[in-house]
Amino acid sequence: MALQACYLPSPLSARKEGKVIHAVKETAFLGASVFEHHKSRLHVPVLRSKLGVNASVGVVKAQTTAVAAPGLNQASLKGKKVLRQGVVVITGASSGLGLATAKALAETGKWHVIMACRDFLKAEKAAQSAAMAKESYTVMHLDLASLDSVRQFVHNFRQSERPLDVLVCNAAIYRPTARTPTYTADGYEMSVGVNHLGHFLLANLLLEDLAKSDYPSRRLIILGSITGNTNTLAGNVPPKAGLGDLRGLAGGLNGRNSSAMIDGGDFDGAKAYKDSKICNMLTMQEFHRRFHEETGITFASLYPGCIATTGLFREHIPLFRLLFPPFQRFITKGFVSEEESGRRLAQVVSDPSLVKSGVYWSWNKDSASFENQLSQEASDTAKARKLWEVSEKLVGLA
Ligand code: NDP
Ligand code: PMR
């Protein structure tokens, strides 16, 4: 069984003795070869406060104010240039796209995957049935429906003393048949609470860990979707996504003294999911505007294709689950297998050619990636800023 979270000694503890244990041969990355060297620290100090990251992660003690600057960490091993294994955290890696991506990355031998999942046993079984080598992954508990759990995850991750090179905010829930809202531990409508607010806190807290990494390309990836973009046919299938003036979110999204919907309207489970995807895409762009230049981190979002077979549709009616895959495969031709979608997301994690920041990636029929156009609302900078400020308050960062 893979290492259980946090409190067990990390396989990387060997680095304390200065040993390189995860080095893999690599010819070139971003045009330059690099070498595993965890101990090295680059020397441009970036103030945590400047990063906008509130140091408090609950139980986590404050760390040094200096974090590493982006750059290459080069050395050679008997004349050969090698790149250390990258460490990628993938939320919701226990099924669907997250699992397929974890598998695709693990199989390269170049990545260690932290599967950040709410159901430890399910994730462990999923990794085993996907035939992932046990040393290629670590399951760590993360329930995005609880901000305490997010903070605890960050604490546990830091305890493991692994570097963080890429964070993938992938987990999501979709509640199309729900007639009434359900709420996170902190009292926020569940779809937006998990898909957006939980990830918003996680990404903000882990930003400094990404900034510290000496890996040649550090990335923060947040899943978007076509159905959150009203400049597409799929995005015009009712109920359409729309955040309005964010009055419901600003009011606390709690269904008591405010609406459970971001725009302040009546609850609609399908719309809540689509709204959360607009939030994901706006958040990626706001991260890019605030932090790309300063940290060199690549911020990206994507539409991986319609993966009609995943657990995302588990709450839909049985007829939908029966007809949706053939509808997408034969009518819209937007269908993509879990395996193919995993390869796509793995590309966004690791492909040196997808290093551009602030991009929403999509793929054409031949599975070639391209920079896609977001809808007007999903690229509205004023709305992104407002969403950021309201979200900061709701997750306790401001
Ligand atoms: P799945 O339902 O297969 O995977 C979602 C994952 O999120 C599961 O691992 C699930 O855990 C996890 N999850 C749900 N709630 C929480 C929580 N509270 N805390 C932690 N993890 C949680 O769906 P997909 O693979 O299809 O979706 C993955 C991403 O892809 C989502 O962001 C989705 O919006 C996006 N996407 C999907 C498309 C599709 O066609 N399927 C299209 C476009 C985008 P558990 O296994 O325990 O339930
Ligand atoms: Mg959609 C034209 C192409 C297309 C594509 C690529 C999707 C993707 N869908 C398309 C068209 C249509 N859908 C059309 C014409 C209809 C009306 C019949 C339609 C219906 C539909 C439903 C009821 N589609 C859906 C649903 C859902 O419940 C799914 C959803 O909205 O989940 C939020 C969905 C989806 N269609 C997609 C994709 C990718 C989804 C789901 C996943 C997501 O956005 O994350």
**Prompt:** Out of all the residues in segment 172-197, which are away from ligand 2 (no atom under 14 Å from the Cβ) and of a type in the set (A, V, I, L, M)?
**Reply:** ALA185, MET190, LEU197
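Looking only at segment 316-332, count every residue that is assigned to a helix (DSSP H, G or I) and in contact with a helix residue (DSSP H, G or I) (Cβ under 8 Å, 6 or more places away or on another chain) and tell me the total. If you could, list the steps in order and put the result at the bottom.
Of the residues in segment 316-332, the ones assigned to a helix (DSSP H, G or I) are 318-332.
Pick out the ones that are also in contact with a helix residue (DSSP H, G or I) (Cβ under 8 Å, 6 or more places away or on another chain) and you get 320-321, 324, 332.
Residues in segment 316-332 being assigned to a helix (DSSP H, G or I) and in contact with a helix residue (DSSP H, G or I) (Cβ under 8 Å, 6 or more places away or on another chain): 4 in total.
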**Request:** Kindly indicate whether any position in segment 380-391 is within 16 Å of ligand 1 (Cβ to nearest atom), outside any strand (DSSP E or B), closer than 30 Å to ALA250 by Cα and charged (D, E, K, R).
**Result:** no
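Which one of GLY248, GLY269, GLY296, GLY255 is surrounded by 20 or more Cβ atoms within 10 Å (Cβ to Cβ) and in contact with a Pro (Cβ under 6 Å, 6 or more places away or on another chain)? Give the derivation first.
Numbers: GLY248 fails: in contact with a Pro (Cβ under 6 Å, 6 or more places away or on another chain); GLY296 fails: surrounded by 20 or more Cβ atoms within 10 Å (Cβ to Cβ); GLY255 fails: surrounded by 20 or more Cβ atoms within 10 Å (Cβ to Cβ).
Going through GLY248, GLY269, GLY296, GLY255 in turn, the sole match is GLY269.
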**Item:** Pick from segment 177-209, criterion among the β-branched types (Val, Ile, Thr) and surrounded by 18 or more Cβ atoms within 10 Å (Cβ to Cβ), ranking: nearest to the chain's Cα centre (by Cα)
**Value:** VAL194
**Complete:** Checked pairs for segment 315-341, first touching a residue at least 24 places away in the same chain (Cβ under 8 Å), second surrounded by 12 or more Cβ atoms within 10 Å (Cβ to Cβ) and of a type in the set (Val, Ile, Thr), C-beta under 6 Å and 6 or more apart or across chains, list as VAL336/ILE307; GLU338/ILE307; SER341/ILE307
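Among the candidates ARG175, ARG162, which residue alone is over 19 Å from PHE287 (Cα atoms), away from ligand 1 (no atom under 14 Å from the Cβ), in contact with a helix residue (DSSP H, G or I) (Cβ under 6 Å, 6 or more places away or on another chain) and touching a residue at least 60 places away in the same chain (Cβ under 8 Å)?
Details: ARG175 fails: away from ligand 1 (no atom under 14 Å from the Cβ).
ARG162 is the lone residue from the list that is over 19 Å from PHE287 (Cα atoms), away from ligand 1 (no atom under 14 Å from the Cβ), in contact with a helix residue (DSSP H, G or I) (Cβ under 6 Å, 6 or more places away or on another chain) and touching a residue at least 60 places away in the same chain (Cβ under 8 Å).
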**Selected residue (only one of ILE226, ILE222 is within 16 Å of ligand 2 (Cβ to nearest atom), open to solvent by less than 20 Å² (accessible area, probe 1.4 Å) and either closer than 13 Å to CYS169 by Cβ or touching a residue at least 24 places away in the same chain (Cβ under 8 Å) (or both))** = ILE222
**Complete:** Taking segment 299-315 and keeping only residues that are open to solvent by less than 60 Å² (accessible area, probe 1.4 Å) and either away from ligand 2 (no atom under 16 Å from the Cβ) or outside any helix (DSSP H, G or I) (or both), one is left with PHE299, ALA300, SER301, LEU302, TYR303, PRO304, GLY305, CYS306, ILE307, ALA308, THR310
**Request:** Take HIS292 and decide whether it is in a helix (DSSP H, G or I), more than 16 Å from ligand 2 (Cβ to nearest atom) and touching a Gly at 6+ places or on another chain (Cβ under 6 Å).
**Result:** no
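The values are calculated or read from the model by the stated rules, or taken from the named source; none is laboratory data. On a predicted model such as this, the values are computed, not experimentally measured, just so you know. Cβ coordinates were reconstructed from backbone atoms using ideal geometry, including for glycine residues, and neighbour counts include every protein chain displayed. Side chains are part of the model used for accessible areas, which takes the heavy atoms of the whole protein and leaves out ligands, DNA and RNA. Shrake-Rupley method; radii C 1.70, N 1.55, O 1.52, S 1.80 Å.
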